[in-house]
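The values are calculated or read from the model by the stated rules, or taken from the named source; none is laboratory data. Keep in mind that this is a model prediction, so the values were computed, not measured. When we count neighbours, we look across all protein chains shown, and the Cβ atoms used for this are built from the backbone with ideal geometry, even at glycine. Quick note on the areas: whole protein, heavy atoms, side chains included, nothing else; ligands and nucleic acids left out. Shrake-Rupley method; radii C 1.70, N 1.55, O 1.52, S 1.80 Å.
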Amino acid sequence: MTTFASSGPATPTAPMGWLARAEHWLDSKGKAAWIAAMVLAFVFVWPVGLALLAYMIWSGKMTCKNKRMSRNLHVSRSTGNSAFDAYKADTLRRLEEEQENFEAFLQRLRDARDKAEFDQFMEDRARAAAAPEAADDTEKA
């Protein structure tokens, strides 16, 4: 009877070393590599793809980095200088108000353009409807 003798002690961290290297490699390639790995895992071995998806969501690798949210986190941080903090808060409030006004202005421009296009469409439609009627009137006369 033969027995299997291992050459060294079994280490439970060996697979984690491999997984850590794979994670580091995917991180260095970016979010696209994570998505590609997940899609390939779903295609070939769906439970692995599901596990990758769960890991990516749990670890925060698939979260969106919202610029407004991160900006608001920096806004609330105090510098310790109350005069500067008040100036910064006032300036940021003014800039946000200007941004809202500009976005409203752009919306009014889009609405005006849409109305002009719709009015042109209605004029063309009325002109096209009037042209056959004029032709019918000339044939009857």
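Once you have a ≥ b ≥ c as the square roots of the Cα gyration tensor eigenvalues for the range 15-64, tell me rounded if a/c is under 1.5, and otherwise prolate or oblate according to whether a/b is larger than b/c.
rounded
If you stretched the chain out fully between residue 126 and residue 92, how much longer would it get, using 0.36 nm times the residue separation minus the C-alpha to C-alpha distance?
Numbers: separation 34, 0.36 × 34 = 12.24 nm, distance 5.05 nm.
Stretched fully, the residue 126-residue 92 segment lengthens by 7.2 nm.
Describe numerically, in nm with one decimal, the distance between label points set 7 Å from Cα along Cα→Cβ at residue 133 and at residue 106.
If labels sit at residue 133 and residue 106, their model points lie 4.3 nm apart.
What order do 26, 53 take when sorted by accessible area (1.4 Å probe), most exposed first?
My answer, sorted largest first, is 53, 26.
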